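In what follows, a single structure is set out as structure tokens and then discussed.
The values are calculated or read from the model by the stated rules, or taken from the named source; none is laboratory data. Bear in mind the structure is a predicted one, so any value in this text is a computation, not a measurement. For neighbour counting, all protein chains shown are included, and Cβ atoms are generated from backbone atoms with ideal geometry for every residue, glycine included. Ligands, DNA and RNA are stripped out before the accessible areas are found, and what is left, the full protein with its side chains, is counted by its heavy atoms. Shrake-Rupley method; radii C 1.70, N 1.55, O 1.52, S 1.80 Å.
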Amino acid sequence: MTPPSILLVYSVFVLQCLQTTQGHLHLHHGSHWNNHLRSRTQDSGMKRHDHIEPELKVFFHYKDLKAGNKMEIYFPTRDPSTSPHLLSKHESDAIPFSSSQLSYILHLLSFSEGSKQANAMTDTLHHCEFPPIKGEAKFCATSLESMFDSLHKIFGPSSKFRVLTTTYLSDSISPLQNYTISEAPMEIPAPKIVGCHTLPYPYAVFYCHGQESDNKVYKVVVEGEDGGRVEAAAMCHMDTSQWDPTHNAFRALRSVPGASPVCHFFPSDNLVWLPVT
């Protein structure tokens, strides 16, 4: 029997999957991260385009991280009331989360095979099952308890940690516009960093990963042309030599693995976990 909370959120997922852009899925919940974390264009059969989608306007060069610099950034607006939420551990443990059991999952949640919803779920499961790159620790969390368990494995069994998020300082902002870094970016020193990004699924799924390589995390206050202000969480990956060459960050920045650091802003529904030292 389908847990009641899933029945409340999966209808939102259906509505999101019915929205398309030029024949491609346009999922409000986590779609841009599914596009640009590690590119899946070859897996899904989608063609590469020279056009840079607005959702990729979160990447920037490390040299641009300075007060007074202006850049075009995409900060999507979120409506928490229509976004899937994390299940309890009891609920998530009752539902398989494996591509090998996709047919059963689709039947359980009343989705038909080959539907847009099924395709989105397939991409998310494959994304979570893809092997980590060298030096990377990764996991997908479907409950807060499973997220904390995995974070303890990375940070240490007795560790304490805190979360950093992107916060909108204005009531209303235009999602895509030119922003100016209004204050000197503040680096937050941390021996280990884990970033968690939402992926499209009937209930909330976070793809979390951290690398042993040199990463830096910042708080960056930016002000838009419309006057809207955002205190954004940003991460800079200083070593990208092990990254997939088809990663969309390289297309957005016109770069290649190992050539230069890759920085990106986090959307407001993403999380950055840092150990408390």
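Details
- Accessible surface of segment 136-258, 1.4 Å probe, proportion on carbon and sulfur as whole %: 48 percent
- Proximity of backbone amide H atoms, modeled 1.01 Å from N, is registered between ILE52 and no other residue at under 5 Å, excluding neighbours fewer than 5 places apart on the same chain.
- Solvent exposure of segment 139-214 as accessible area per residue, Å², 1.4 Å probe: 46 Å²
- A P(r) calculated from all alpha carbon pairs of segment 205-277, with 5 Å bins opening at zero, reads 3, 13, 20, 22, 20, 13, 6, 2 percent.
- Accessible area in square angstrom per residue, segment 74-120, 1.4 angstrom probe: 55 Å²
- Distance between the 7 Å Cα→Cβ label points at ASN69 and PHE148: 3.7 nm.
- Packing, taken as the mean count of other beta carbons within 10 Å per residue, orders the peptides 173-182, 231-240 from highest to lowest as 231-240, 173-182.
- Local net charge near PHE266, Cβ-Cβ under 14 Å (Lys/Arg +1, Asp/Glu -1): +1
- Highest to lowest packing among 194-205, 93-104, 67-78, scored as the average C-beta count within 10 Å: 194-205, 67-78, 93-104
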